[in-house]
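The values are calculated or read from the model by the stated rules, or taken from the named source; none is laboratory data. Everything numeric in this text was worked out from a predicted model, so none of it was measured. Backbone-built Cβ (ideal geometry, glycine too); neighbour counts: all protein chains shown. Protein only, heavy atoms only, side chains kept; ligands, DNA and RNA dropped before computing areas. Shrake-Rupley method; radii C 1.70, N 1.55, O 1.52, S 1.80 Å.
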Amino acid sequence: MSCHNTVVLETRHAGRQIIKNGNAIRTVDNVSYAFNKAHIYNLIGPSGAGKSSLLRLLNRLDEPTEGEVRFFDKPLAEYPPTELRRMVSMLFQTPYLFPGTVRDNLQFCCCDLTDDKIGQLLTRVGLDESFAGKDADDLSGGERQRVAIARALSLEPEVLLLDEPTASLDPTSSQTIEDLILRLSEELCLTTIIVTHHPNQALRLGGETLFLVKGRLVETGKTEKVLKDPETELARKYINRELR
Ligand SMILES: Nc1ncnc2c1ncn2[C@@H]1O[C@H](COP(=O)(O)OP(=O)(O)OP(=O)(O)O)[C@@H](O)[C@H]1O
Ligand SMILES: [Mg+2]
């Protein structure tokens with residue numbers, strides 16, 4: 001399948017100010033960036049840099065207080081929220097699965113899914129079709145994350161927003177998820193925006209990297225370049241673990 005270089009999501013001077021302990025703080029500060037279809041984007045930066053906050057602006061879990069976010073060149077507010085979150089799907093570090101079987105979980109979003117379709121979704125995320133009948137409580141962390149991704153895929157999203165999806169997984173399960181992300185962007189032309197604390201994970205995923213500090217985009221570019229030969233002193237310090 002060939003994917004076109006269309007802009008899927010775009011932030012224009014997007015910012016968000018919140019009041020914390022009586023003080024105004026900017027969790028996202030003047031971020032302008034265009035995300036292209038079928039690309040992988042790594043969001044990196046120190047703790048509290050605003051990575052999750054930026055992600056939450058991208059499917060309107062939070063509203064920007066300045067600037068705007070556009071999806072296919074229309075402001076997010078012009079899409080019905082449920083439709084928007086179907087197309088721009090967010091997954092978290094610990095996936096929430098409902099009590100019941102894997103089939104129940106997949107049918108939650110799309111109740112008319114046939115067994116064939118459920119089998120295809122499971123195969124797509126690298127799980128055997130027999131997983132459909134398993135109890136969600138009996139799955140490993142990596143399997144749960146893959147079921148959560150399959151559930152998101154059942155709605156045929158354009159963009160996956162992943163907030164540290166491998167943070168609670170062992171290295172082997174993490175690698176399975178990374179391989180899956182790489183495969184999905186190629187096979188389904190999916191755009192993936194992933195928050196990671198691991199420069200090596202970003203390097204394995206490749207694509208582009210956005211480096212944030214204090215809500216601001218400090219450096220962006222090809223992942224290899226940003227992580228191995230950064231332009232900015234801040235990025236260099238972050239990579240050398242000198243940035244707190
Ligand atoms: N709901 C909230 N209430 C108060 N402060 C918040 C809230 N959400 C975010 N913040 C603050 O906004 C800033 C950015 O937080 P955010 O969670 O986006 O950072 P992060 O880069 O995702 O950090 P981490 O790597 O630790 O997950 C931090 O200073 C945080 O304390
Ligand atoms: Mg975060």
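Some points to look at:
- With at most 15 neighbouring Cβ atoms within 10 Å, loop chymotrypsin sites (Phe, Trp or Tyr not before Pro) (DSSP) excluded, longest segment of the chain: 97-244
- Sites excluded, GluC sites (Glu not before Pro) in DSSP loops with at most 16 other C-beta within 10 Å, longest stretch of the chain: 1-230
- Overall Cα dimensions of region 1-65 - principal axes, largest extent first, Å: 51, 23, 18
- In order along region 233-242, the phi-based Karplus estimate (6.51 cos²θ - 1.76 cosθ + 1.60, θ = phi - 60°) of 3J(HN,Hα) comes to 5, 4, 5, 4, 5, 4, 5, 7, 6, 9 Hz; Gly and Pro are listed as x.
- For region 90-139, the fraction of C-alpha pairs more than 16 angstrom apart is 39%.
- Of all accessible heavy-atom area on the chain, the percent that carbon and sulfur account for (1.4 Å): 47
- Kirkwood hydrodynamic radius of the chain, Cα pairs, Å: 18.6
- Once the Cβ-Cβ distance of S47 and E68 is raised to the sixth power relative to R0 = 22 Å, the FRET efficiency obtained is 0.20.
- Theoretical gain in end-to-end length, D104 to E83 [0.36 nm per residue, Cα-Cα removed]: 5.4 nm
- With eigenvalues of the C-alpha gyration tensor scaled by 5 and rooted, region 126-166, Å: 19, 13, 7
- The residues of region 146-207 expose, per residue, 35 Å² of accessible area to a 1.4 Å probe.
- DSSP beta bridge pairing in the chain, given as percent antiparallel to the nearest 5: 60
- Taking the chain and dividing mean pair separation by its residue count, relative contact order in percent (alpha carbons under 8 Å, at least six apart): 26
- Note on H197 and E231: their simple-model spin labels are 2.9 nm apart, each label 7 Å out from Cα toward Cβ.
- Mean projection area, nm², convex hull over Cα of region 39-148: 8.9
- Globularity ratio of region 95-219, using Cα Rg and 2.2 N^0.38 Å: 1.10
- Most fluctuating residue given options G133, G15, G141, as computed from a GNM of the chain linking Cα atoms under 10 Å: G133
- Rounded to the nearest 500, the helix-only mean residue ellipticity at 222 nm of the chain stands at -9500 deg cm²/dmol, with each DSSP H run of n ≥ 4 adding -39,500 (n - 2.57).
- Accessible area (Å², 1.4 Å probe, nearest 10) - L127: 10
- In Hz, Karplus ³J(HN,Hα) per residue of region 118-132 (6.51, -1.76, 1.60; θ = phi - 60°; x = Gly, Pro): 4, x, 5, 5, 5, 4, 4, 9, x, 10, 5, 4, 5, 5, 3
- Its residue count N fixes a reference of 2.2 N^0.38 Å for region 146-187, and the Cα radius of gyration divided by that reference is 1.14.
- Rounded to the nearest Hz, the phi-derived 3J(HN,Hα) couplings of region 39-50 under the Karplus curve 6.51 cos²θ - 1.76 cosθ + 1.60 (θ = phi - 60°) are 9, 10, 10, 9, 9, 10, x, x, 4, x, 6, x, where x marks glycine and proline.
- Per residue solvent-accessible surface (Å²) - region 1-134, probe of 1.4 Å: 51
- Computed extension gain for D116 through N21, at 0.36 nm per residue and net of the alpha carbon distance, reaches 29.0 nm.
- Point-charge dipole on Cβ atoms (K/R +1, D/E -1) for the chain, about Cα centre, debye to 20: 880
- For the chain, the tally of Lys pairs with Cα-Cα distances below 24 Å comes to 20, considering only residues 8 or more apart or on different chains.
- Cα radius of gyration and Dmax for region 106-178 (Å): 12.1, 35
- Rg/Rg_globular for region 172-220, with Rg_globular taken as 2.2 N^0.38 Å and Rg from C-alpha atoms: 1.24
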